[in-house]
């Protein structure tokens, strides 16, 4: 494993451990858009312009994810599929705001998150 990938992996794990949890919140909850924007800003060294462009995209994505999580009529598998669909909808919008170098770092970060999700 490359040292860069190890660094990102460690940073993602550290960020998750440091994220404050609401009283009564389950561990599997989706981070709010502000928390995600702060993490992306730190990890990808976003410019002010990039932050402004990403803010509404991340808010819409978080709102969509939250709606799926709160939908009691969906099975776990259906929720997983809907979450993947939401990611597929917003990932190109996020990618369009990032530089090629940031896109690569973001891809690595996403791979780490998917591994965590897959192993739940």
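All of the numbers you see were taken from the coordinates with simple rules; none came from a lab. Please read these numbers as outputs of a predicted model, since none were measured by experiment. Heads up, the Cβs are rebuilt from the backbone with ideal geometry, glycines too, and the neighbour counts pull from every protein chain shown.
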task: Please give the FRET efficiency for residue 71 paired with residue 31, using the beta carbon to beta carbon distance and R0 = 25 Å, rounded to the nearest 0.05.
output: 0.85
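Expressed in nm to one decimal, what extension gain is obtained for the pair residue 45 and residue 87 from 0.36 nm per residue of sequence separation less their Cα-Cα distance?
Values: separation 42, 0.36 × 42 = 15.12 nm, distance 2.18 nm.
Taking residue 45 through residue 87 to full extension adds about 12.9 nm, to one decimal.
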field: Sorted by Cβ density within 10 Å, fewest first, the residues 74, 58
entry: 74, 58
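Got a sec? How would 118, 84 order by Cβ neighbour count within 10 Å, fewest to most?
On the way: 118 8, 84 12.
Ranked by crowding around the Cβ, least crowded first: 118, 84.
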